[in-house]
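Quick notes on the structure that follows.
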Amino acid sequence: MTGKLMFTVDLDPDVNIQVEGTRAAGSLDRGKGPEPRFESCEKGLEILLDVLEDFGMKATFFVEGRTSEVIDCSRLKKQCVGFHGYEHEDLSAVGPEELGEIMDKAYEAVRGNVKKPTCFRAPYMKTNDAVFGELRRLGIKHDSSLYADPSTGPYDISGVVEHPVAKGKDLRGKTITAYLWPMHEGTREPTDYLSLARVSGSADLVLSTHAWHMVETRERGIMSWAEMEHNRKSLEHTLKLLIDEGYRPATLTE
């Protein structure tokens with residue numbers, strides 16, 4: 001028996017990067033400085049939601065607090081919504097008082113601009129015991145901030161259910177995770193993620209992407225229309241392969 005397919009999306013600034021001297025993330029400089037951009041994120045979100053509608057499935061969106069204040073998130077009301085820091089901070093590098101302030105600000109921003117978040121993913125997938133303590137304080141019972149072997153199912157971390165993103169080896173022995181960014185960048189194929197899933201046994205599969213990555217690559221910049229269409233079809237192919245394999249689409253909190 002195959003497990004659940006939990007498609008998750010990080011909703012954060014376009015090609016986000018850590019900016020030296022500040023906790024807040026910016027965007028890769030495309031000639032106008034590292035200030036955060038959100039145009040690709042917003043456009044990519046619309047494409048992803050259209051794909052989900054075509055498949056008749058829901059996903060889990062981890063929304064950065066600042067992003068929720070900038071882009072239109074109205075179509076997320078019917079999706080599972082979590083939060084993702086306020087300004088995509090490295091939460092593992094801040095003290096306890098500042099951590100609490102960031103988590104409160106992020107949680108309230110997403111609740112006010114989208115809806116009450118029910119789960120969490122740490123920016124940069126960097127977390128620690130203090131972050132899990134904040135999740136318990138806020139009443140958040142589901143997290144997806146860690147990587148694990150594909151056969152690893154959800155497990156408990158002091159009262160928080162961890163849904164790890166799969167990480168293993170491909171058929172060539174190279175490391176592969178269930179984040180789709182290499183496919184968006186043109187270095188992976190949908191079948192690579194099917195191969196990763198096939199060693200998971202009956203475990204759930206957490207599949208992940210960034211909204212901005214639907215229309216912009218880190219290496220080449222904004223995609224052409226043809227590239228965007230190819231990118232969309234690659235995502236659709238990946239989802240279809242996994243569903244045909246027997247995975248049942250679900251959200252993180254089901």
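Largest mean-square fluctuation among E87, E20, E69, in a Gaussian network model of the chain whose springs join Cα atoms under 10 Å apart, belongs to E20. Label point of K126 set 7 angstrom out along Cα-Cβ; within the stretch 59-91, amide nitrogens under 12 Å from it belong to 88-91. Both radii are taken from the alpha-carbon atoms of the chain; with Rh as the Kirkwood radius, Rg/Rh is 0.94. Taking every DSSP bridge with both residues inside the stretch 4-249, close to 30 percent are antiparallel.
In the elastic network of the chain, a GNM with C-alpha springs shorter than 10 Å, the most mobile of E53, E39, E216 is E53. Diagonalising the gyration tensor over the Cα atoms of the stretch 1-116 and scaling each eigenvalue by 5 before taking the square root yields semi-axes of 25, 18, 13 Å, largest first. A dipole drawn for the stretch 4-249 from +1 and -1 charges on Cβ atoms has a positive end, and of T209, P164, N113 the residue lying farthest that way is P164.
Working note: Karplus 6.51/-1.76/1.60 with θ = phi - 60° gives the stretch 195-207 the couplings 4, 4, 5, 5, 9, 8, x, 9, 6, 5, 10, 8, 9 Hz, where Gly and Pro are set to x.
In the chain, helices alone account for a calculated mean residue ellipticity at 222 nm of -10500 deg cm²/dmol, with every DSSP H run of four or more residues adding -39,500 (n - 2.57). Mind checking which lysines have their C-alpha under 18 Å from K167, skipping anything on the same chain fewer than 8 residues away? List returned: K4, K126. Across the chain, C-alpha contacts under 8 Å between residues 6 or more apart give a mean separation that, scaled by the residue count, equals a relative contact order of 27 percent. Rounded to whole numbers, the Karplus 3J(HN,Hα) couplings from phi for the stretch 237-244 are 5, 4, 4, 5, 4, 6, 5, 5 Hz, using 6.51 cos²θ - 1.76 cosθ + 1.60 with θ = phi - 60°, and x at Gly and Pro.
If R0 is 30 Å, the Cβ-Cβ spacing of E53 and R137 corresponds to a FRET efficiency of close to 0.25. Built from the Cα atoms of the stretch 116-226, the convex hull projects on average onto 8.6 nm², one quarter of its surface area. The mean of 1/r over all pairs of different alpha-carbon atoms in the stretch 89-139, once inverted, gives a Kirkwood hydrodynamic radius of 11.2 Å. In this structure the amide hydrogen of E189, modeled in the peptide plane, comes within under 5 Å of no amide hydrogen from residues 5 or more places off or on another chain. Between F38, F83, F61, the residue with the greatest mean-square fluctuation in the GNM of the chain (Cα pairs under 10 Å linked by springs) is F38. A Cβ-based charge dipole, computed about the Cα centre of the chain with Lys and Arg at +1 and Asp and Glu at -1, lands at about 580 debye. Placing unit charges on the Cβ atoms of the charged side chains and taking the dipole of the chain about its Cα centre, the candidate lying farthest along the positive direction among T191, S68, Y179 is T191. Per the Cα gyration tensor, the stretch 50-162 maps to an equivalent ellipsoid with semi-axes of 22, 19, 12 Å, ordered largest to smallest. Taking amide H as placed 1.01 Å from N in the peptide plane, the amide H of T8 sits under 5 Å from that of T60, L207, S208, T209, each at least 5 places away or on another chain.
In order along the stretch 82-89, the phi-based Karplus estimate (6.51 cos²θ - 1.76 cosθ + 1.60, θ = phi - 60°) of 3J(HN,Hα) comes to x, 10, 8, x, 9, 10, 6, 6 Hz; Gly and Pro are listed as x.
Throughout, read-outs are computed from the coordinates displayed, never taken from laboratory work. All values derive from a computational prediction rather than experimental measurement. Cβ atoms come from the backbone with ideal geometry, glycine included; neighbour counts cover every protein chain shown.
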